[in-house]
Structure formats: C-alpha cells, structure tokens
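Read-outs: derived from the displayed coordinates by stated rules, not from any lab. Just so it is clear, the model here is predicted, and its values are computed rather than measured. Methodologically, a virtual Cβ is constructed for each residue, glycine included, from the backbone with ideal geometry; neighbour enumeration extends over all protein chains shown.
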Amino acid sequence: MTAVGIDAMEIWTGKLKLDLAETFAPAQGDDPGKYTKGLGLRASSFPDVYEDIVTMGANAAHRLMKRKGLTPEDIGRIDVATESAFDNSKPVSTYIAGCLEQVYDENFHHANKGERKFACISGTQSLDDAYNWIRAGRNRGRAALVIATDTALYARDDPGEATQGAGAVAMLVDEDPNLVELSAEQGYGSADETDFLKPNQQFPSVDGKRSVNVYLARMREALEDFAEVAGDIHPGDYEMIPFHTPFPGMVRKAAALGYRHIVRGTDVGDLLAEEIGHQPMRSDFETDDEFHAAIKEYTDALTETERYQDWYANTIEPTLEISREVGNWYTGSVHIARASGLKHARENGLDLDDARLLVASYGSGAQAEVHAETVVPGWEEEIGALDIDEQIRNRYDLSFAEYEQVHDVHNHETETDVEEFTAPENEFAFDGWGRMGERKYRYVE
Ligand SMILES: CC(=O)CC(=O)SCCNC(=O)CCNC(=O)[C@H](O)C(C)(C)COP(=O)(O)OP(=O)(O)OC[C@H]1O[C@@H](n2cnc3c(N)ncnc32)[C@H](O)[C@@H]1OP(=O)(O)O
C-alpha cells in the first residue's frame, strides 16, 4: 500500500503577543505562577487588526506552496478546519483560494473545497478526509491542502481568557510523504457533551472545569478503542505523543492518565508496582469516592517517579514548546504539538527516521481520536524549513491597554478604529467589506 501522509507543513502565528506573566497576570490581579506553572503558558498570540482566519490560513498556505514549488494545478482539494468561521454558508476555503489566486496565474476551479466543523478535532478530521480521498484514488495525482486556522478568543474576564491564541497551520497531504505517514488504524471516544459551545455566538460558553474532565474521559475511550484495533500499547512504542494542547497543563493531566493506562500488564507496570504499589482496582473499594481518592493518590505518586518523569521529559515535554509561547490555536493545536516535537528532535540531533508518534486529538462537544504516525526520512529538512521561532520572536508585545483594544477590534459586536501595530509585508491582509457584507483581502508586497 502506498504511504499517505503529511508531506510538508507551514505555521503562521498571529503577529501580536500578550505576555501572560508580565502583562496579563498583574492586570488580572493573579499570581504569574498560575499561567507559567499551572496552565504552562508564557504568552498568547493575537491577530493584528488586518489579520483574521483567512489571512493567517492563506499566508501559511502560500508559504507552503512557494516552498514546495506548487501551483494551483497541483492541488485537488482545499479543506479548512476552523471553529472561528464568520459565515454559515460560504466556506473559508473559498476565501483562502481567492487570496491565493491573486498571486498565481492559475486558479483552483477544479479543486474540491470545504469547511470542517467539530471544535478542535476538525483539523485532524480534515486530514482524514484528505487521506481517504487519496486512498480512494480520487485525487488524480494531486495533493490536498489542509488548513487549520483559528482565532481562539474568549469573552473578557471569562476564565478561558488565559488560554487564548491565534494562528494557522497549513499541511500538504500526499502520497509518499516527506514528514509523517498516517496509520490506517484509529481509535475514537465520542459522546454528546455540553462543555464548550458557541450557539450562534462568537465567544464560547465554557464550563471550564467540566471541559477538562470531558477531555480526559473521551481521550481514555479513544485510547482504549485504538488499542482494540492496533493492539496493546507499551510506553516504549512511541517516540513522542503530541496531544491537543489547549494549554500545556491540560496535557500534563492527560499524559499521567494515559501512562497509567498503558503501563498496566507490562514490564514497566511491574517495576512501578515494586516502587509505589499496584494500581488501585475498583473491586477493592466500597465506594466510588474511596476508589477515586486512591486513584488520585496513586497517580500523584506515579508522576513523582523517575521512570515517569524521564518518559514525560522525552515523550511529552518537547511537544509543548511552541504551545507555551502561542496559546490555544483550537484546530491547529495538535498539529503545532507534532511540529514542536519534531523541531525539538531536529535541534537536539535525535534520529527519528521511522520512529512512531501517537497523535491524540480532541474537540469539545466532544470527541477524541488517537492514531499512529511514522516519521519518514526527509522530516528533518521539512521541519528545518519552519521559521516559527523567528515569527514568535518578531511579534509585537502588547501592553494591557493595547490588548483590550485588540480584543475589541476582533469582537464582532464592537466597532472600533485601531491603528495596526505591525506593517504587513509580502502577505495577505484584510481590506474591508464588500457589497454583500463579505470580507475582502489583498496581497501586500
Ligand atoms: C477549548 C479547547 O481547546 C477544547 C479543550 O481542550 S477542553 C479542555 C480544556 N478547557 C479549556 O481550555 C477551556 C478554557 N479554559 C478555561 O476555562 C480555564 O482556563 C480553566 C478552567 C482551564 C482554568 O481556569 P481557572 O479556573 O481560572 O484556573 P485554575 O484552575 O484556578 O488554575 C489553573 C491551574 O493553575 C494552578 N495554579 C493556580 N495558581 C497557581 C500558582 N500561583 N502557581 C502554580 N500553579 C497555580 C491551579 O492549581 C490549576 O492547576 P491544576 O488544574 O493542576 O490544579
């Protein structure tokens, strides 16, 4: 079977930065440790006044096409995943194709375009769609462009405000990929949940604490389902595990639960039992409360072991480096986690040729999905082409008063006239409104 997977990717961060410890925490009257240690975040990215989900997605896609020497005729499909769409009918992919057509002689008239919605997991679902389209032999030798783009903004003073972010990830899905090959096996954990939703509103209604528990419950189901189809998982099977990362503290919780689950019945589980005792079993306790207290105590002890901490430092920590600087990008989040892990490996001289990744996606509402990926030779060159560190460094550092203005600029309910903080250059920028209320864009040299 020909390998199908991600051939190349590009990342585009919103060009403004809100420093959470230095700027946001003091204004909120919070201890900076809540952000840096508790949530695990240093900063959030925000779009400048001329940026939105279309410009960020189009800019990421344009860089990708330029670097790979592609023209619109090479692309048979453009799928955009977002939970920040501003139109219930016209998909963002048509806006992005329109932008790209300004800079290419050819057009995308024969490319299938769509928009995927299922909260943050729709980025991964769009990869599935592209994978299936190629596997079905419907691609006529062409590749698919998958773009995950979001402005993850919350209402002012919502607890979620600490985890905001904005950016886009563009991925080229093709046969014989140069980055990762996707596995056919997938595990799902899916249920009708009311934890985070936007019923015809821009900013989410969130039950934050519940959303954390729903994430963990669905992720556990997905892991169990994946093991059913792919076989038992050993902690040594996967070099890295990129998770959906709304904030790194969420992944800290998910990783501990995942590890506890996968070591059961393994040699690693036996060694841990000698050190901290066996995992509590429900049948040993009279009540659920007693059982849950014992599980918490066991998990706390587990995360203190050197064995767990080594595994976490190698398998999880590298995937969180970009996220700590940019916040939650919803649909793009798990894809920056993958890029972050691979970038760390390249910078530290790790040989990941043919290494396996376990990729764990999540979307509120709620669904988790787990699949495996194989890193393919060529990955170092692809990852080495990313300039995300430079983009992160070059962001304009907002004062709190400026942050308040920027939040208003992107709030659909408020009208405010704010000067741009950075100057667009060689990129697409928002250019005002059309006669039917559509957004217009231009390429700025
Ligand atoms: C949205 C998606 O993308 C989909 C999902 O993944 S859903 C799952 C994640 N949910 C979200 O991201 C929803 C949006 N976020 C939120 O609603 C909120 O940010 C939140 C509920 C996650 C946390 O908000 P909060 O209640 O204000 O924070 P709070 O729980 O007090 O503090 C956060 C952490 O910092 C710790 N902390 C607080 N102050 C601290 C300090 N000074 N030093 C160190 N740690 C500190 C807390 O103990 C807590 O850690 P634990 O959860 O491990 O106990």
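Data for the structure
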quantity: Dipole magnitude (debye, nearest 20) for the chain, charges at Cβ of Lys, Arg, Asp, Glu; calculated: 900 debye
quantity: Restricting the range 414-445 to trypsin sites (Lys or Arg not before Pro) in coil, as DSSP defines it, with at most 14 other Cβ within 10 Å; calculated: 435
quantity: Beta bridges per DSSP with both ends in the chain, % antiparallel, nearest 5; calculated: 75 percent
quantity: Average Cα contact separation per residue, the range 4-444, under 8 Å, 6 or more apart, as relative contact order %; calculated: 25 percent
quantity: Karplus (6.51, -1.76, 1.60) ³J(HN,Hα), θ = phi - 60°, over the range 172-184, in Hz, Gly and Pro reported as x; calculated: 9, 9, 7, 6, 6, x, 9, 10, 9, 9, 8, 7, 6
quantity: The range 400-419-the range 121-135 distance, computed between alpha-carbon centres (Å); calculated: 35 Å
quantity: Separation between Cα centres of the range 318-382 and the range 194-267, rounded to whole Å; calculated: 15 Å
quantity: Prolate/oblate/rounded label for the range 270-325 (Cα gyration tensor, a/c 1.5); calculated: oblate
quantity: Helix-derived mean residue ellipticity, 222 nm - over the chain, DSSP H n ≥ 4, -39500 (n - 2.57), to 500; calculated: -11000 deg cm²/dmol
quantity: Summed residue charge, Cβ within 10 Å of residue 108's Cβ, Lys/Arg positive, Asp/Glu negative; calculated: -1
quantity: Cross-link partners of residue 440 among lysines (Cα-Cα below 22 Å; sequence separation of 8 or more within a chain); calculated: 15, 90, 113
quantity: Max mean-square fluctuation residue, GNM over the chain, Cα-Cα springs under 10 Å, options 320, 350, 216; calculated: 350
quantity: GNM result for the chain, Cα springs below 10 Å: residue of 168, 119, 21 fluctuating most strongly; calculated: 21
